[in-house]
Amino acid sequence: MKIVKICGINSAAAMDAAVAARADMIGLVFYPPSPRFVTPVEALLLSRRTAEKMPLRVGLFVNPGFDEIDDVLRVISLDVLQVHGNPALVAALRDRFGRPVWRQAGVASAAEFPAPDEVADGFILEAKPPQGATRPGGNAVVADWGLLAQFHHPKPWLLAGGLRPDNVAQGLRVTGADGADVSSGVETAPGVKSPALIEAFVRAARGVD
(Lines give C-alpha, C1' and ligand atoms only; values in the text may rest on other atoms or scores of the structure.)
Protein backbone atom coordinates (compact mmCIF):
# COMPACT_ATOMS: atom_id res chain seq x y z
CA MET A 1 0.00 0.00 0.00
CA LYS A 2 1.30 3.45 -0.86
CA ILE A 3 2.46 5.62 2.03
CA VAL A 4 0.59 8.93 2.32
CA LYS A 5 1.98 11.88 4.25
CA ILE A 6 0.10 15.13 4.83
CA CYS A 7 2.70 17.76 5.65
CA GLY A 8 2.30 21.16 7.24
CA ILE A 9 -0.47 20.25 9.66
CA ASN A 10 -1.12 23.39 11.71
CA SER A 11 -4.81 23.39 12.62
CA ALA A 12 -7.32 21.21 14.40
CA ALA A 13 -9.37 20.81 11.22
CA ALA A 14 -6.34 19.63 9.25
CA MET A 15 -5.29 17.17 11.94
CA ASP A 16 -8.79 15.76 12.26
CA ALA A 17 -9.05 15.36 8.49
CA ALA A 18 -5.70 13.58 8.21
CA VAL A 19 -6.66 11.17 10.99
CA ALA A 20 -10.12 10.55 9.50
CA ALA A 21 -8.61 9.88 6.07
CA ARG A 22 -6.13 7.46 7.69
CA ALA A 23 -2.99 9.15 6.43
CA ASP A 24 0.14 7.22 7.39
CA MET A 25 2.16 10.27 8.42
CA ILE A 26 1.51 13.88 9.35
CA GLY A 27 4.21 16.51 9.03
CA LEU A 28 4.79 19.19 11.66
CA VAL A 29 6.96 22.04 10.37
CA PHE A 30 9.45 23.49 12.84
CA TYR A 31 10.89 26.03 10.40
CA PRO A 32 9.73 29.60 11.16
CA PRO A 33 9.86 31.01 7.59
CA SER A 34 7.20 28.50 6.52
CA PRO A 35 3.52 29.55 6.57
CA ARG A 36 2.93 26.09 8.07
CA PHE A 37 5.22 26.63 11.07
CA VAL A 38 4.08 25.34 14.46
CA THR A 39 5.65 25.68 17.88
CA PRO A 40 6.38 22.51 19.86
CA VAL A 41 3.45 23.24 22.18
CA GLU A 42 1.08 23.76 19.26
CA ALA A 43 2.28 20.48 17.74
CA LEU A 44 1.70 18.66 21.02
CA LEU A 45 -1.84 20.00 21.36
CA LEU A 46 -2.65 18.96 17.79
CA SER A 47 -1.29 15.46 18.37
CA ARG A 48 -3.51 15.05 21.43
CA ARG A 49 -6.73 15.63 19.53
CA THR A 50 -7.58 12.01 18.89
CA ALA A 51 -7.83 8.75 20.75
CA GLU A 52 -7.76 6.90 17.43
CA LYS A 53 -4.59 5.50 15.96
CA MET A 54 -2.38 8.52 15.32
CA PRO A 55 -0.44 8.81 12.05
CA LEU A 56 3.31 8.86 12.56
CA ARG A 57 4.32 12.32 13.75
CA VAL A 58 7.08 13.64 11.52
CA GLY A 59 8.99 16.76 12.53
CA LEU A 60 10.41 18.79 9.64
CA PHE A 61 13.67 20.69 10.23
CA VAL A 62 16.03 22.63 7.97
CA ASN A 63 19.74 22.09 8.65
CA PRO A 64 19.03 21.82 12.38
CA GLY A 65 21.48 21.75 15.25
CA PHE A 66 21.13 19.28 18.11
CA ASP A 67 19.79 21.97 20.45
CA GLU A 68 16.98 22.89 18.04
CA ILE A 69 15.73 19.32 17.93
CA ASP A 70 16.26 18.84 21.67
CA ASP A 71 14.01 21.83 22.33
CA VAL A 72 11.21 20.22 20.30
CA LEU A 73 11.62 16.71 21.69
CA ARG A 74 11.43 17.97 25.25
CA VAL A 75 7.82 18.93 24.46
CA ILE A 76 6.63 16.38 21.88
CA SER A 77 8.03 12.91 21.21
CA LEU A 78 8.23 12.76 17.44
CA ASP A 79 8.21 9.41 15.65
CA VAL A 80 10.37 10.52 12.71
CA LEU A 81 12.70 13.42 11.95
CA GLN A 82 12.55 14.83 8.42
CA VAL A 83 15.60 16.90 7.52
CA HIS A 84 16.70 19.22 4.79
CA GLY A 85 20.44 18.65 5.10
CA ASN A 86 23.37 16.61 3.90
CA PRO A 87 23.91 12.87 4.51
CA ALA A 88 26.52 13.53 7.23
CA LEU A 89 23.97 15.55 9.22
CA VAL A 90 21.40 12.78 8.85
CA ALA A 91 23.90 10.22 10.18
CA ALA A 92 24.74 12.45 13.15
CA LEU A 93 21.06 12.98 13.99
CA ARG A 94 20.32 9.25 13.86
CA ASP A 95 23.18 8.60 16.26
CA ARG A 96 22.22 11.44 18.60
CA PHE A 97 18.46 10.94 18.82
CA GLY A 98 18.02 7.21 18.16
CA ARG A 99 14.98 7.53 15.93
CA PRO A 100 14.33 7.31 12.18
CA VAL A 101 15.56 10.21 10.07
CA TRP A 102 14.32 10.84 6.53
CA ARG A 103 16.23 13.16 4.23
CA GLN A 104 14.35 15.55 1.99
CA ALA A 105 16.13 16.64 -1.19
CA GLY A 106 15.46 18.60 -4.33
CA VAL A 107 16.90 16.93 -7.42
CA ALA A 108 17.44 18.20 -10.95
CA SER A 109 19.63 15.38 -12.26
CA ALA A 110 20.47 11.76 -11.51
CA ALA A 111 23.80 12.94 -10.09
CA GLU A 112 21.84 14.40 -7.16
CA PHE A 113 20.05 11.16 -6.26
CA PRO A 114 20.71 9.85 -2.74
CA ALA A 115 23.53 7.32 -2.78
CA PRO A 116 22.70 3.63 -2.25
CA ASP A 117 24.74 3.55 0.97
CA GLU A 118 23.18 6.61 2.64
CA VAL A 119 22.10 5.85 6.20
CA ALA A 120 18.81 7.79 6.06
CA ASP A 121 15.78 5.66 6.85
CA GLY A 122 13.91 7.07 3.88
CA PHE A 123 13.82 9.93 1.39
CA ILE A 124 11.43 12.61 0.20
CA LEU A 125 12.33 13.76 -3.29
CA GLU A 126 11.06 16.88 -5.02
CA ALA A 127 12.11 19.50 -7.56
CA LYS A 128 14.93 21.86 -6.68
CA PRO A 129 13.52 25.15 -5.37
CA PRO A 130 13.10 27.88 -7.98
CA GLN A 131 15.54 30.75 -8.10
CA GLY A 132 14.75 33.27 -5.38
CA ALA A 133 12.79 30.81 -3.24
CA THR A 134 12.97 31.50 0.49
CA ARG A 135 12.44 27.87 1.50
CA PRO A 136 14.31 24.71 0.47
CA GLY A 137 11.06 22.83 -0.06
CA GLY A 138 7.31 23.24 -0.11
CA ASN A 139 7.36 25.49 -3.16
CA ALA A 140 4.60 23.65 -5.09
CA VAL A 141 6.91 22.92 -8.05
CA VAL A 142 6.16 19.63 -9.82
CA ALA A 143 9.21 17.38 -9.91
CA ASP A 144 10.56 15.78 -13.09
CA TRP A 145 8.68 12.50 -12.85
CA GLY A 146 10.60 10.98 -15.76
CA LEU A 147 13.86 11.66 -13.97
CA LEU A 148 12.62 10.24 -10.67
CA ALA A 149 11.42 7.09 -12.43
CA GLN A 150 15.13 6.29 -12.76
CA PHE A 151 15.66 6.42 -8.99
CA HIS A 152 15.91 3.08 -7.23
CA HIS A 153 16.97 2.67 -3.63
CA PRO A 154 16.73 -0.02 -0.94
CA LYS A 155 15.12 2.50 1.42
CA PRO A 156 11.55 3.79 0.93
CA TRP A 157 10.99 7.15 -0.71
CA LEU A 158 8.10 9.55 -1.16
CA LEU A 159 7.33 11.72 -4.16
CA ALA A 160 6.74 15.39 -3.29
CA GLY A 161 6.36 18.72 -5.02
CA GLY A 162 3.28 20.10 -6.74
CA LEU A 163 1.11 17.08 -5.98
CA ARG A 164 -2.67 17.44 -5.85
CA PRO A 165 -5.64 15.07 -5.69
CA ASP A 166 -5.91 15.21 -9.48
CA ASN A 167 -2.29 14.32 -10.31
CA VAL A 168 -0.95 12.22 -7.43
CA ALA A 169 -2.02 8.89 -8.90
CA GLN A 170 -0.24 9.63 -12.17
CA GLY A 171 2.87 10.79 -10.33
CA LEU A 172 3.02 7.60 -8.31
CA ARG A 173 2.51 5.40 -11.35
CA VAL A 174 5.16 7.16 -13.43
CA THR A 175 7.83 7.34 -10.74
CA GLY A 176 7.17 4.10 -8.88
CA ALA A 177 7.58 5.97 -5.57
CA ASP A 178 6.62 4.19 -2.38
CA GLY A 179 4.24 6.99 -1.50
CA ALA A 180 3.38 10.66 -1.72
CA ASP A 181 3.96 13.72 0.45
CA VAL A 182 1.64 16.72 0.02
CA SER A 183 1.35 20.15 1.58
CA SER A 184 0.24 23.07 -0.61
CA GLY A 185 -1.70 20.72 -2.91
CA VAL A 186 -4.37 20.26 -0.24
CA GLU A 187 -4.61 23.94 0.71
CA THR A 188 -6.97 26.77 -0.22
CA ALA A 189 -4.33 29.38 0.73
CA PRO A 190 -0.73 29.10 1.99
CA GLY A 191 -0.88 27.21 5.27
CA VAL A 192 -4.67 26.69 5.17
CA LYS A 193 -5.50 23.02 4.73
CA SER A 194 -8.79 21.84 3.23
CA PRO A 195 -10.28 18.74 4.90
CA ALA A 196 -12.05 17.86 1.65
CA LEU A 197 -8.80 18.05 -0.35
CA ILE A 198 -6.97 15.97 2.27
CA GLU A 199 -9.60 13.24 2.00
CA ALA A 200 -9.51 13.37 -1.80
CA PHE A 201 -5.72 13.22 -1.90
CA VAL A 202 -5.47 10.18 0.36
CA ARG A 203 -8.19 8.40 -1.62
CA ALA A 204 -6.46 9.13 -4.95
CA ALA A 205 -3.04 8.03 -3.72
CA ARG A 206 -4.40 4.81 -2.23
CA GLY A 207 -6.27 4.13 -5.45
CA VAL A 208 -2.93 3.41 -7.13
CA ASP A 209 -2.73 0.21 -5.09
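The slack in the chain from F66 to M1, taken as 0.36 nm per residue of separation less the alpha-carbon distance, amounts to 20.0 nm.
With K and R counted +1 and D and E -1, the other residues having a Cβ less than 13 Å from that of L44 yield a net charge of +2. Cross-link reach is defined here as a Cα-Cα straight distance under 26 Å, omitting same-chain residues fewer than 8 places apart; for K53 the lysines meeting it are K2, K5, K155, K193.
Computed over neighbours whose Cβ is under 11 Å from that of E187, the net charge equals +3, Lys and Arg +1, Asp and Glu -1.
Using DSSP to call loops (not H, G, I, E or B), can you name the trypsin sites (Lys or Arg not before Pro) in segment 56-123 whose Cβ has at most 15 other Cβ atoms within 10 angstrom?
Those satisfying the criteria are R74.
Straightening the chain between H152 and L73 buys 25.2 nm, computed as 0.36 nm per residue apart minus the Cα-Cα spacing.
Sorting the segments 105-114, 4-13, 189-198 by their residues' average number of neighbouring beta-carbon atoms within 10 angstrom, most packed first, yields 4-13, 189-198, 105-114.
Taking Cβ atoms as reference points and 13 Å as the exclusive limit, the residues near G65 contribute a net charge of -3, counting Lys and Arg as +1 and Asp and Glu as -1.
Pull out a ≥ b ≥ c, the square roots of the eigenvalues of the alpha-carbon gyration tensor of segment 54-131, then state rounded if a/c is under 1.5, prolate if not and a/b is larger than b/c, and oblate in the remaining case. The shape class here is prolate.
A simple spin-label model places the labels of T39 and A92 2.8 nm from each other, with each point 7 Å out along Cα-to-Cβ.
Taking every full run of DSSP H in the chain, none both stretches at least 24 Å from end to end by Cα along its long axis and averages 0.5 or higher on the Kyte-Doolittle scale. From helices alone, the chain scores -8000 deg cm²/dmol at 222 nm; the rule is -39500 (n - 2.57) for each run of n ≥ 4 DSSP H residues, then divide by the residue total. Solvent-accessible surface of the chain, taken per residue with a 1.4 Å probe and all protein chains present: 43 Å². Rg/Rh, computed from the Cα trace of the chain with Rh as the Kirkwood radius, has the value 0.93. Does segment 27-89 come out rounded, prolate or oblate, given a ≥ b ≥ c as the square roots of the eigenvalues of its C-alpha gyration tensor, rounded meaning a/c under 1.5 and, failing that, prolate meaning a/b above b/c? The shape class here is prolate.
Quick check: from the Cα gyration tensor, does segment 153-209 come out rounded (a/c under 1.5), prolate or oblate?
Values: a/c = 2.38, a/b = 1.70, b/c = 1.40.
It comes out prolate by the Cα gyration axes.
For segment 12-166, the Cβ-based charge dipole about the Cα centre amounts to some 280 debye (Lys, Arg positive; Asp, Glu negative; other atoms uncharged).
The values are calculated or read from the model by the stated rules, or taken from the named source; none is laboratory data. Since the model is a prediction, treat every value here as computed from it, not as a measurement. Neighbour counts run over all protein chains shown; Cβ positions are idealised from the backbone, glycine included. Side chains are part of the model used for accessible areas, which takes the heavy atoms of the whole protein and leaves out ligands, DNA and RNA. Shrake-Rupley method; radii C 1.70, N 1.55, O 1.52, S 1.80 Å.
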